[in-house]
Each structure stands twice: as C-alpha cells, then as structure tokens.
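> Take this structure first; my questions come after.
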Amino acid sequence: MKYKQDGNGIYLLRLDRGDKMRKSIESFFLETKLNGASVQGIGALEDPELGYLPPDTKFFDRKLFSGSWELVSFSGNLTYKEEKPFLHAHAIISGHNYAVVGGHFFDANVSVLCELVITPFQKRINRVENHTLGIHEWDMK
C-alpha cells in the first residue's frame, strides 16, 4: 500500500499485488486519522467476495467469485463503527467473458493493482445500528 495527498486534500492510494483490499483501506484510514471519506477506484482482484442484502432478511447473501477479475468500478465510504474504521463499498467486476456482476463488497486480494481516490469528509461520521434493517447506518445527529 502506498499513498500520497494531492494539493486539494484528496488522497491517491495504490494497492499492490497480494494486498488485502479491506484491511489495506481500513489501515490507511487509521494511519491518516480521517473523519470519514468517500472512496472510488478501479483495478484487478483475485477471489472477490460480494453480496446482496434482501430487505426482508437482515442477512447478506454472500458469494465468492474465484479467480482473477477486473475491478470495473468500486465506490463507497469510510466511516467509524464502534470506534473502528469501517469500509462500506459496492463493486462491479468483470471476468474473462466480459460479463459484469456487482454487489456489496466484502473483501478481495489485489491481483495486479488497485488505484483508489479518497476524498476526506470535514466532519466525523459514525455508524449506529438500525435494528429494523439489521445494518449500521450513518448517525446523522
């Protein structure tokens, strides 16, 4: 993992082959002590795990996509859940047949590299549990 900050406060984060994507992004967040941020990116992944949350179940339907995949689009945010960094993101991936699939992002290994743009929030964003939906959402207080 390598990063630098541009002149506008935006961070450019590069993840290299073998990096665990979630761990690397959350480690960056801890290291930089950001209040919160939005994150977008592209790259190439190995064995990404994505999911779908049926609204009436409160449990994700998770699926591991074995092998190498292009990360066509990665979009999400970095906030705090129970005082720890929390990445909430969605990913669109494409395989060797050029068909795309997408969903809630759980994790993946970087197979070639990932290039991420991280835009910091000015104010800290914490997550609170929504018992009805079974998720942790932004605390808007």
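Only the coordinates and a few stated rules stand behind these numbers; no lab work does. Computed from a predicted model, the values in this text were never measured in an experiment. All Cβ positions, glycine included, derive from the backbone under ideal geometry; neighbour counts span all protein chains shown.
> Could you check the simple spin-label distance between Glu31 and Ala44, using points 7 Å along Cα→Cβ, in nm with one decimal?
Placing both labels 7 Å along Cα→Cβ, they lie 2.3 nm apart.
> Under the 0.36 nm per residue contour assumption, what length would be gained going from the current alpha-carbon distance of His96 and Phe59 to full extension?
Numbers: separation 37, 0.36 × 37 = 13.32 nm, distance 2.99 nm.
10.3 nm is the gain from fully extending His96 to Phe59.
> ³J(HN,Hα) across region 115-131 via Karplus (A = 6.51, B = -1.76, C = 1.60, θ = phi - 60°), whole Hz, x for Gly/Pro?
Using θ = phi - 60°, the values come out as 10, 10, 10, 10, 10, x, 8, 6, 10, 5, 10, 9, 10, 10, 6, 9, 5 Hz.
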